[in-house]
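Each remark here refers to the structure printed beneath this line.
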Amino acid sequence: MEKYYIALYLLGISNELIIKAITEYSKETIFDLFNGLPDLFLKDIQWLPYKSIFDDPYQIKKALDDADNILCKNKNLGIHTALYATVSYPKNLLEITNPPAILYYKGANPNDGFDKAIASVGTRTPSHFGFNAINYLIPQWVNEGFAIISGLAAGVDRLSHFACLASDGKTIAVLAHGLDMIYPSQNQNLAQKILRCNGTLLSEYPVGTKPDKFRFINRNRIIIGLSKATVAIEFSIKSGTMHSINYSQELNRPVFCPSPGSSLDENLAGLKYILDKGIAQPIKNGNDYQHIIYASGYSITQPVLKAHYIKQQYLYTLIGCIENDSVIKSILESLNLPYTSSCTCIIDLYTYLLDFIQEKNYPIDNLINLFVTSIIESYSK
């Protein structure tokens, strides 16, 4: 029946009616609908605006053919379909307004082990502030068994996924396009790593759907809907992140953000705004990670991670984030370290740098700062 539900989507039928078709109508009723029989239009007035579509056999045939093509491509690409309220459909999304009738995913079943989750959202160009917030908070949440939900965009999304994976956590990347592509393209390797680490790539859009701007706003409701709480890491007032904040309020999801203090940085203006308006609760220090867990309806079950361990994970995350060898070479050169063939392997480079820290008694904070500065500078190149 997936073919027919996908065809309904391609014909422009609303999520609400497709969900009704999935949960309330028999197979025979759906077949009749596509065969031009008028019973459904007489029984349910909600379908009347679409009657002219089903009166056009060419449109019907094209939608069914296109749905067949989508399912064929899905099979070849390892893409699965999750229909509303079925076994693979995330329970958290059943609570939202306008839930997607159909989801597509690659990797782990999004309804298996992801119900305990936090959304991490924010700017595509984070500063040192955002880097620090992500890498000091996310390891603690992962340590408590939380998955991290984000959107695989540049900046905060990318860092959040990496920080989660560096701590052996599970993450879902919600995409604003079909799963036959990755946007931005520089996140291809990250997307593959998410899949290798038992994470999930998820979208409400079938293969062939391009990343149009409005789709990013639409997908935000899924990121928030999958999560028990929203953490805004860093963003300006005019940022699209406000869509996620507003949707969190609609769903009564608690919102948190790191306290920006007295900083005048434009990228932190959004944080000040949601704190001043009482929309978000502040994260004032490292131990405040616990407030998000309590607000999500859970208790603390694990000891607080040691600061040294968190810093090592931070360094590992930063190494994984850099895919341009010239950035690595520049960092090593500034440390008077040779660049060898082993430096192309994340684990080998990480071990290499830990050995350097120990042998030279080099402060890990200084090394982290060097990496963050180099990554931020690479944004503008």
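Within segment 1-16, name every residue whose backbone N is under 20 Å away from a label modeled 7 Å from Cα of residue 69 along the Cβ vector.
Under cut-off, by backbone N: 2-13.
Which percentage, to the nearest 5, of the DSSP beta bridges contained in the chain is antiparallel?
Antiparallel bridges make up about 30 percent of those DSSP assigns within the chain.
If you count, for each residue, the other Cβ atoms within 10 Å and average over each peptide, how do 106-116, 333-343 line up from highest to lowest?
Peptide ranking by packing, descending: 106-116, 333-343.
So which trypsin sites (Lys or Arg not before Pro) in segment 246-332 pass both tests, a DSSP loop state and at most 14 other Cβ atoms within 10 Å of the Cβ?
For trypsin sites (Lys or Arg not before Pro) across segment 246-332 that sit outside H, G, I, E and B with at most 14 neighbouring Cβ atoms in 10 Å, the list reads 277, 284, 306.
For residue 23 and residue 186, what does the FRET efficiency come to when R0 = 30 Å and r is the distance between their Cβ atoms, rounded to the nearest 0.05?
FRET efficiency, residue 23 to residue 186: 0.15.
Enter the per residue convex hull volume of segment 117-295, computed from alpha-carbon coordinates, in Å³ rounded to the nearest integer.
Spread over its residues, the Cα hull of segment 117-295 gives 101 Å³ apiece.
Would you mind checking the pairs 73/210; 106/228; 3/27; 91/116 and listing those with alpha carbons more than 19 angstrom apart?
With Cα atoms farther than 19 Å apart: 106/228.
On a 0 to 90° scale, report how tilted helix 307-321 is relative to the longest principal axis of the chain, with both axes built from alpha carbons and the result rounded to the nearest 10.
It is inclined by approximately 60 degrees.
How big is the antiparallel share of DSSP beta bridges in segment 48-179, given as a percent to the nearest 5?
Looking only at bridges with both residues in segment 48-179, the antiparallel portion is about 40 percent.
Put a dot 7 Å past each Cα toward the Cβ at residue 304 and residue 373; how far apart are the dots in nm?
Using points 7 Å along Cα→Cβ, the separation is 3.0 nm.
For the chain, find the longest principal axis of its Cα atoms and tell me its angle to the long axis of helix 346-360, 0 to 90°, nearest 10.
20
Using Cα atoms only, what is the angle between the long axis of helix 213-225 and the major principal axis of the chain, expressed in degrees (0 to 90) to the nearest 10?
The answer is roughly 80 degrees.
Which value at 222 nm does the chain reach when only helices count, each DSSP H run of 4 or more adding -39,500 (n - 2.57), with the total divided by all residues and rounded to the nearest 500 deg cm²/dmol?
Helices in the chain give a 222 nm mean residue ellipticity of -15000 deg cm²/dmol.
Every number in this text was worked out from the coordinates using simple rules, so none of it is lab data. Note that this is a predicted model, so its numbers are computed, not measured. Every residue, glycine among them, receives a Cβ derived from its backbone with ideal geometry; neighbour counts consider all protein chains shown.
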